[in-house]
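Data block below; observations after.
Throughout, read-outs are computed from the coordinates displayed, never taken from laboratory work. Please read these numbers as outputs of a predicted model, since none were measured by experiment. With ideal geometry, Cβ positions are generated from the backbone for all residues, glycine too; neighbour counts draw on all protein chains shown.
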Amino acid sequence: MSGRPRPLGAPADEVDAVFRTLAPDRLLHAGIPVWWLRINADRPANTCLDSALILKAAFEAFDVRAEPAFVRLRVDDTARATSSVFGALHPSLDGGRLNGHAGLWLPGPARFIDQTVQQFEVVRRHGWMPALIDAPPGGEPWPRVVLTTRRGPLRLEYTPASGPDSARIIDHPATRAAYARHHRRAGINLASAVLDLLRREPYLDQVMASPHPRLRRLVRAVGDARVGIDRRRNMRFELAGTNGVYLDEIARATRTGPG
């Protein structure tokens, strides 16, 4: 990531309204990164790879495949006739310092998510929401497709970075170790928090209309069980007859069955 990032966050008074207006097919795709921003308010923004790995684990808890994806972002401000570039076509990881910008690619719906795009001041001026961009139907597959979207007077253009360079970072032993040690459990906790929200009455119609069978099965499985926090600050659902069950354990038990 290049440029000078600003702290992340999502306005608490706007998050509920965002969730209520999400289309069912975007309930998880936008909801998970929005909730991540909500619980990471004021966190330093130069965490795009960390957040991509956390979100990967959160999506996979709901049986949604998600892969970290490095990109170069070009922002054209048509009102000011200026352009800015963030990230790199050849990302690198040097001594723990990342040169690049990472989002998430969802192969199923062919959708790209930039969960930390608000870190760039030129974008943040026109809204805090993550960027969600659908690949054109019948177009080039990832990573050969260039994706564009608008935000106010801005045109955002995402060009996928070099595949080999990206793979060297994602498959690096340090990245894999961090995922196993921290990001996976953080993602499951994030998914647990999202599930705890979505099982409530205002959102149930959206949940039942969503294209995610595991989400619907998990909502039914946890019902109105209380949420507990263990000594390591991990969330678990206090299902009847248990001392608390983690979401990934519930998910394994609900892989099949009616959606």
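Side notes on the structure shown:
- Scanning the range 150-197 for residues that are within 22 Å of TRP36 (Cα to Cα) and polar (S, T, N, Q) turns up THR175, ASN189, SER192.
- Pair list, Cβ under 6 Å, 6 or more apart: the range 137-148 residue without any contact (Cβ under 8 Å) to a residue 24 or more places away in the chain and under 8 Å from PRO160 (Cβ atoms), other residue surrounded by 10 or more Cβ atoms within 10 Å (Cβ to Cβ) and among the hydrophobic types (A, V, I, L, M, F, W, C): VAL145/ALA135
- Tally of residues being touching a helix residue (DSSP H, G or I) at 6+ places or on another chain (Cβ under 8 Å) and either hydroxyl-bearing (Ser, Thr, Tyr) or part of a strand (DSSP E or B) (or both) across the range 221-241: 4
- All of ARG176, ARG181, ARG216 fail the test of being assigned to a helix (DSSP H, G or I), touching a residue at least 40 places away in the same chain (Cβ under 8 Å) and of a type in the set (Lys, Arg), apart from ARG216.
- Considering the conditions (1) part of a helix (DSSP H, G or I); (2) in contact with a strand residue (DSSP E or B) (Cβ under 8 Å, 6 or more places away or on another chain); (3) of a type in the set (A, V, I, L, M, F, W, C), VAL194 is excluded by exactly one of them, (2).
- Count of the range 206-255 residues, restricted to those that are on the phi > 0 side of the Ramachandran plot and within 24 Å of the chain's Cα centre (by Cα), is 1.
- Of the strands (runs of 3 or more DSSP E) lying entirely inside the range 3-120, those containing at least 3 residues that are in contact with a helix residue (DSSP H, G or I) (Cβ under 6 Å, 6 or more places away or on another chain) span 67-77, 101-106.
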